[in-house]
Amino acid sequence: MNFLFILSVIFIFSSGGQVNKPHKKERVIIDSHITLAEALKGKEIPNTNTKNLRIIDVEYYSFDNGLHRGQVVIHKDLAEDLKEIFTLIKEKKFPIKKVDPINKYDWSDEASMKDNNTSAFNYRVISGTRTFSTHSLGRAIDINPFLNPQIKNGQTFPEGAVYNKYSRGTITANSWLTHEFYKRGWRWGGNWKFTQDYQHFEKTKIIK
């Protein structure tokens with residue numbers, strides 16, 4: 001009798017007659033799959049801004065508990081930071097609604113926020129000013145903005161949002177997510193003095 005056959009029979013009986021099957025790969029739901037050129041369509045943007053941008057794929061569990069893949073347009077110097085952070089987001093199953101480049105919303109920050117869409121680059125000024133946002137350089141990201149709104153002068157943006165720090169997907173000063181950004185030299189808008197922008201993280205200087 002073949003020696004290998006005998007070993008296989010012994011293995012089956014010792015494991016209770018069960019043969020382990022290979023682990024089935026988890027299905028990934030694609031939220032965004034476009035090129036950087038496609039992500040920048042629909043708005044005139046100076047080359048000084050676009051030349052430093054990159055588009056990266058990120059994976060996360062959404063509120064449907066499914067594994068999703070989206071894309072972030074970000075400054076090249078910050079790409080590795082976000083890859084590391086989204087790896088942790090996926091491992092810890094911190095829920096992210098979706099991650100689509102902002103041009104899917106015709107460059108409307110308000111529409112993106114209302115849809116609870118996480119995004120980074122957006123060539124725009126700070127609301128109510130003529131000053132360009134750090135988003136216009138790809139040096140900021142807004143995470144789950146409908147759950148983590150901006151509160152300024154008693155008003156909440158986006159309209160209709162409610163900040164409840166006990167809800168899934170929200171960000172607080174003590175969140176592990178906040179500390180992971182801090183470790184990499186980012187600032188959190190929830191700590192700002194004249195406005196609390198709970199969705200917002202930015203990094204304007206590179207920490208060597």
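The values are calculated or read from the model by the stated rules, or taken from the named source; none is laboratory data. Just so it is clear, the model here is predicted, and its values are computed rather than measured. Positions of Cβ are generated from backbone atoms using ideal geometry, with glycine treated the same way; all protein chains shown enter the neighbour counts.
Are any residues in region 103-135 among the hydroxyl-bearing types (Ser, Thr, Tyr), closer than 22 Å to Thr35 by Cα and part of a loop (DSSP other than H, G, I, E, B), and if so, which ones?
The answer is Ser108, Tyr123.
What helices (runs of 4 or more DSSP H) completely inside region 1-102 contain at least 2 residues that are of a type in the set (A, V, I, L, M, F, W, C) and either out of contact with any Cys (no Cβ under 8 Å at 6 or more places or on another chain) or at pLDDT below 95 (or both)?
Fully inside region 1-102 and qualifying: 3-14, 36-39, 79-92.
Report yes if some residue within region 144-153 is farther than 24 Å from Asn47 by Cβ, touching a residue at least 24 places away in the same chain (Cβ under 8 Å) and aliphatic (A, V, I, L, M); otherwise report no.
Within region 144-153, one or more residues are farther than 24 Å from Asn47 by Cβ, touching a residue at least 24 places away in the same chain (Cβ under 8 Å) and aliphatic (A, V, I, L, M).
Test Asp77 against the stated conditions and say whether it is under 22 Å from Arg187 (Cα atoms) and touching a residue at least 24 places away in the same chain (Cβ under 8 Å).
Working: under 22 Å from Arg187 (Cα atoms): yes; touching a residue at least 24 places away in the same chain (Cβ under 8 Å): yes.
Against the criterion (under 22 Å from Arg187 (Cα atoms) and touching a residue at least 24 places away in the same chain (Cβ under 8 Å)), Asp77 qualifies.
Residues being farther than 20 Å from Asp106 by Cβ and surrounded by fewer than 18 Cβ atoms within 10 Å (Cβ to Cβ): count how many of those fall in region 138-168.
Matching residues across region 138-168 total 12.
Do we have Gly169 as assigned to a loop (DSSP other than H, G, I, E, B), of a type in the set (Gly, Ala, Ser) and at pLDDT 95 or above here?
Taking the combined requirement at face value, the residue satisfies it.
Could you list, in sequence order, all residues of region 53-88 that are on the phi > 0 side of the Ramachandran plot and among the basic types (Lys, Arg)?
Within region 53-88, no residue meets the criteria.
Restricting to region 108-137, give me the number of residues that are buried (at least 17 other Cβ atoms within 10 Å of the Cβ) and at positive phi.
Number of matching residues: 1.
Would a scan of region 73-84 turn up a residue that is surrounded by 20 or more Cβ atoms within 10 Å (Cβ to Cβ) and charged (D, E, K, R)?
Yes: region 73-84 contains one or more residues that are surrounded by 20 or more Cβ atoms within 10 Å (Cβ to Cβ) and charged (D, E, K, R).
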